[in-house]
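A short worksheet on the structure shown next.
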Amino acid sequence: MLGSLKADILLQAAMRTETQLIIDREALQPIGAFDANSPAEAFTGKVGSRQVVLVTHGRDPTHQCDRIGTISAATTCAAALARFSPKLIVNIGTCGGFLARGGSICDLHLPERVAFHDQRVPIPGFREFARGELNTHPVDALRAELGALGGTCSSGGSLDATPEDRAILDTLEARCKDMEAAAIAFVARDWRVPFIAVKCVTDLVDDPEAVQDAFLRNLRSATMRLATAASALLRSDYLPV
Ligand code: ADE
């Protein structure tokens, strides 16, 4: 089955915790590893007429933790595109929000644009390449249906943010900060597959509280909001597939 399985929708999440509720609610079945050189795992099922494949980045064999971050986001996405030929890629996961831009814990975002805040190359041409700004597939009606916000989601390799990261996040007027969306958008653009992201806020980047404390405290409630959003999204009439 795995060899011939094609996806209408590829849901990609970095952490298993972010997806377990979706797997349970949609009764997705495990199909295990789908790439011989990666610990990424896949689950599949039908939602209405749509074949859904959900992939997580898997656990790192050395450090025994989920493979969060831009590198595994890009490698997992490329492997899943090659294997499942999805018509739409949806990156689902948690993010940081910004008090300065009216953000609150558990806000839901479907960003209009992605970028990288921690890729800095002060040479013309490379500067813009490194910033990696890309528009997501336009989903205004879906955003309204889900009660989600728009704006820019900026990705980087760190959960925290240095002062330099913060300055770039402000220049971008980022409303979400994550560790995957811009990397997945980059691969999706090369494959010419429409890309959207669904992000729920676990922590506020410009709050004095340590980001990891807020993240761990709010992970469960954000995960519940993401699962509710995923159920609505997978059944929506406003998807391009
Ligand atoms: N995921 C959840 N919160 C985050 C943050 N502050 N930065 C990057 N990724 C996140």
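The values are calculated or read from the model by the stated rules, or taken from the named source; none is laboratory data. In this text, all values refer to a predicted model and were calculated from it rather than measured experimentally. In this analysis, Cβ positions are derived from the backbone assuming ideal geometry, glycine residues included, and neighbour counts consider all displayed protein chains. The area values use the complete protein model at the heavy-atom level, side chains included, leaving out ligands, DNA and RNA. Shrake-Rupley method; radii C 1.70, N 1.55, O 1.52, S 1.80 Å.
Some points to look at:
Condition check ((1) out of contact with any helix residue (DSSP H, G or I) (no Cβ under 8 Å at 6 or more places or on another chain); (2) assigned to a helix (DSSP H, G or I); (3) of a type in the set (Ser, Thr, Tyr); (4) closer than 20 Å to PRO86 by Cβ) across all residues:
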position: SER154; (1), (2), (3), (4): no, no, yes, no
position: SER158; (1), (2), (3), (4): no, no, yes, no
position: ASP165; (1), (2), (3), (4): yes, yes, no, no
position: LYS177; (1), (2), (3), (4): no, no, no, no
position: ARG189; (1), (2), (3), (4): yes, yes, no, yes
position: CYS200; (1), (2), (3), (4): no, no, no, no
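- Among the residues of segment 166-186, those identified as buried (at least 19 other Cβ atoms within 10 Å of the Cβ) and either of a type in the set (Gly, Ala, Ser) or over 27 Å from THR228 (Cβ atoms) (or both) are ILE168, LEU169, LEU172, ALA174, ALA181, ALA182, ALA183, ALA185, PHE186.
- Here GLY125 passes the criteria (1) open to solvent by 80 Å² or more (accessible area, probe 1.4 Å); (2) at pLDDT below 95 except the one numbered (1).
- Considering (1) out of contact with any strand residue (DSSP E or B) (no Cβ under 7 Å at 6 or more places or on another chain); (2) among the hydrophobic types (A, V, I, L, M, F, W, C); (3) away from the ligand (no atom under 12 Å from the Cβ), the lone condition that LEU216 does not fulfil carries the number (3).
- Filtered by the rule that a residue be without any contact (Cβ under 8 Å) to a residue 60 or more places away in the chain, open to solvent by 30 Å² or more (accessible area, probe 1.4 Å) and within 18 Å of ARG120 (Cα to Cα), segment 144-158 gives a lone residue, SER158.
- Among the residues of segment 130-142, not a single one is crowded, with 19+ Cβ neighbours inside 10 Å, among the hydrophobic types (A, V, I, L, M, F, W, C) and within 16 Å of the ligand (Cβ to nearest atom).
- As a summary of the residue check, GLN212 satisfies the conditions (1) outside any loop (DSSP other than H, G, I, E, B); (2) open to solvent by 10 Å² or more (accessible area, probe 1.4 Å); (3) in contact with a helix residue (DSSP H, G or I) (Cβ under 8 Å, 6 or more places away or on another chain); (4) closer than 16 Å to SER158 by Cβ except for the one numbered (3).
- Among the residues making up segment 82-120, a single one is within 20 Å of ALA188 (Cα to Cα), of a type in the set (A, V, I, L, M) and surrounded by fewer than 19 Cβ atoms within 10 Å (Cβ to Cβ): ALA82.
- Count of segment 30-85 residues, restricted to those that are basic (Lys, Arg) and in a loop (DSSP other than H, G, I, E, B), is 1.
Residues are listed down the side, and each one gets a yes or a no for (1) away from the ligand (no atom under 11 Å from the Cβ); (2) closer than 22 Å to ARG101 by Cβ:
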residue	(1), (2)
PHE186	yes, no
VAL198	yes, yes
THR202	no, yes
VAL205	no, yes
ALA210	no, yes
ALA230	yes, no
VAL241	yes, no
